[in-house]
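Step one of this worksheet: look at the structure below.
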Amino acid sequence: MSDQSSPHEATERLDRDAPAPLHAQVSEQIRARILAGEWPPHYRLRSEPELAADLGISRGTLRRALSTLIRDGLLVQVRGRGTFVTSTAIEPSIAQKLTTLSEDFARQGVSYTTQVVTQRVMAAPPPLATLLDLNPGQPVLRLERLRCAASGPVAWLVNYVRADLAPGLERADLADRSLFGLLENDYGLKITTGRRTFTATAATGRIAEALGVPEHFPLLYLEQITYLDDGRAIEYSDVWIHSERMRVTSLLSRR
C-alpha cells in the first residue's frame, strides 16, 4: 500500500461524550459507507484487531457494532474467511476448490484456445480499488480474454490484477498460460482463498457479440475476488459464460 490514507480508515471521529454509545456510532459509520457504495458488495472488512485499532475502540465494542449490521443483513461473516458486505441477493455458501477455467479445462482434457483482447495497466476506479485494498487511481492490470472450445466461444473473462504485486504482467503471454499459475510460478505469490458468486444475466452488446449469441440470451455471470496467503486481495474478475456450452458443478458433502 502507498503512504496515502487507506480506504478503510474511519472518516469521522467518534464522539465519546455523545449520548449514543460507541458501538452504535461505529455501526452507523459503517452503514453509511455501505449505503453510499464506498464499501461495495463482496468487500471484505479488515480483521477485527486492525479495524478496532483504526477506530480506537475495543474489539468487544467493534463486535457489537458488527453484530448490529449482520442482524440487519448488511454484513455476513464466513468462518475462516472474514466479514463481507452482502449483496441484495441470498447467498448460500458452497465450498469449492479455487481453480481457473483454464485449469478446469486442462484437468478434464478439454481442448480450448484463448484470445487476449485487452492487456493494459489502468488506474483503478473507486469500487474496484476498494475491493482490491487499493486507493483510487493506483494501477491495476485490466485483462480481457475470450475463451473458446471446439463447440465455439465459451466464456468472456475480464480480470483486474494489482500491478504493485505483479509488475510487468502487462507484457506476459496470457494466451497460453493460466493467470493464477503465472502469478504463483513467476511472481512467487501464493493464492489461497477466494469469494465467488454466480448469477444469471442476459447477454448484451459486446459480450453477446463475442460469445456469438443474440441479445438477451441467458448467460451465467461469475464475480470473483481472490486473496493471497497473507490476506491481501490480488485479483478481481468478471466472467460471462455461455450457458449452453458450459455448466458449473459443485461436489458437496454434508457433515
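The values are calculated or read from the model by the stated rules, or taken from the named source; none is laboratory data. This structure is a prediction, so every number in the text was calculated from the model and none was measured. Positions of Cβ are generated from backbone atoms using ideal geometry, with glycine treated the same way; all protein chains shown enter the neighbour counts. Each accessible area value is taken on the protein alone, full model and side chains, heavy atoms only, with ligands, DNA and RNA left out. Shrake-Rupley method; radii C 1.70, N 1.55, O 1.52, S 1.80 Å.
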Ordering of 34-41, 207-214 by packing [mean C-beta count within 10 Å, highest first]: 207-214, 34-41
Average accessible surface area per residue within region 19-59, 1.4 Å rolling probe, Å²: 46 Å²
Most to least packed among 143-150, 73-80, 225-232 [average Cβ atoms within 10 Å]: 143-150, 225-232, 73-80
Förster radius 25 Å - calculated FRET efficiency between residue 116 and residue 77, Cβ distance, rounded to 0.05: 0.10
Accessible area per residue, Å², region 98-244 with all protein chains present, probe 1.4 Å: 43 Å²
Where labels lie 7 Å past Cα in the beta-carbon direction, separation of residue 135 and residue 176 in nm: 4.1 nm
Region 188-233 - percent of accessible surface contributed by carbon and sulfur, probe 1.4 Å: 54 percent
